[in-house]
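Asks: Take a look at the following structure, please.
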Amino acid sequence: KNEVEQSPQNLTAQEGEFITINCSYSVGISALHWLQQHPGGGIVSLFMLSSGKKKHGRLIATINIQEKHSSLHITASHPRDSAVYICAVTPNEKLTFGTGTRLTIIP
Amino acid sequence: NAGVMQNPRHLVRRRGQEARLRCSPMKGHSHVYWYRQLPEEGLKFMVYLQKENIIDESGMPKERFSAEFPKEGPSILRIQQVVRGDSAAYFCASSDGTGLGYTFGSGTRLTVV
């Protein structure tokens, strides 16, 4: 069993829809990261969370430490949000990654 | 204030050649991590280094792969006698060691022909 599980693996939605991507982990962590990767592109760090909730533009990330669960939300989704979203945790210094959620937003 | 700089962006090597991938961490960061992303797979940890020290190399293949982070200059990931299975995207990240932030480089895409 992976230490970090993401769902769904693939998500297709219409432009404007509210998007939720979930991440569950099974180890103790110091922080959880949400990353974005466009096809053939680099990795961009969206959020680092150790508790509560963070918001940046149309993106919102929440974490529940007791339940070992985090969600990434995208409001008013846009085709440029199409990418792979990766959840990663730091049980120690190095990152342990989920397998990613491939999001496609259709105009 | 440049972020994490990786070069080259793309590298093509013939089987049996050596590949050298470079990573300059973000200014003020002394912790460097290398991750590998095989085609259609997720990211996997390879090695964690601080200046002149390998802290954790539990993700490195036992043979042909080595990494260093010298006192001066970038971190180097070296792959000797490359094989087709080494074709992947190699990402470097750096941090200041506080656990409060990670910055990724743009990656080096290695193709072995």
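Asks: I'm trying to understand the selection: among the residues of segment A:3-14, which are surrounded by 14 or more Cβ atoms within 10 Å (Cβ to Cβ), over 12 Å from the mean Cα position of the chain (by Cα) and not aliphatic (A, V, I, L, M)?
Replies: Scanning segment A:3-14 gives a single hit, A:Glu3.
Asks: While we're looking at this one, here's another question. Can you say whether B:Arg14 is more than 14 Å from every other protein chain (Cβ to nearest Cβ), surrounded by fewer than 13 Cβ atoms within 10 Å (Cβ to Cβ) and at pLDDT 95 or above, as far as the supplied structure shows? So that I can check it myself, show each step before the final result.
Replies: Details: more than 14 Å from every other protein chain (Cβ to nearest Cβ): yes; surrounded by fewer than 13 Cβ atoms within 10 Å (Cβ to Cβ): yes; at pLDDT 95 or above: yes.
Here the answer is yes, as B:Arg14 does meet what is asked.
Asks: Please state which of the following conditions A:Ala61 fails to meet, knowing it meets all the rest: (1) part of a strand (DSSP E or B); (2) hydrophobic (A, V, I, L, M, F, W, C); (3) within 11 Å of chain B (Cβ to nearest Cβ).
Replies: The failed condition is (3).
Asks: For segment A:97-107, which residues satisfy the criterion of being surrounded by fewer than 20 Cβ atoms within 10 Å (Cβ to Cβ) and either at the interface with another protein chain (Cβ under 8 Å from one of its Cβ atoms) or of a type in the set (Asp, Glu) (or both)? Please lay out each step first, then the result.
Replies: Kept after step one, since they are surrounded by fewer than 20 Cβ atoms within 10 Å (Cβ to Cβ), are these residues of segment A:97-107: A:99, A:102, A:104, A:106-107.
Matches in segment A:97-107: A:Thr99 only.
Asks: Another question, then. Filter segment B:56-102 for residues that are of a type in the set (A, V, I, L, M) and either more than 17 Å from B:Ala19 (Cβ to Cβ) or more than 11 Å from every other protein chain (Cβ to nearest Cβ) (or both) and give the result.
Replies: Result: B:Met60, B:Ala67, B:Ile76, B:Leu77, B:Ile79, B:Val82, B:Val83, B:Ala88, B:Ala93, B:Leu100.
Asks: Just the residues that are within 26 Å of B:Glu40 (Cβ to Cβ), in a loop (DSSP other than H, G, I, E, B) and at pLDDT below 95, please, taken from segment A:64-99.
Replies: Those that are within 26 Å of B:Glu40 (Cβ to Cβ), in a loop (DSSP other than H, G, I, E, B) and at pLDDT below 95: A:Pro91, A:Lys94, A:Leu95, A:Gly98, A:Thr99.
The values are calculated or read from the model by the stated rules, or taken from the named source; none is laboratory data. Being a predicted model, the structure only gives us computed values, none of them experimental. Reconstructed Cβ throughout: ideal geometry from the backbone, glycine too, with neighbour counts over all protein chains shown.
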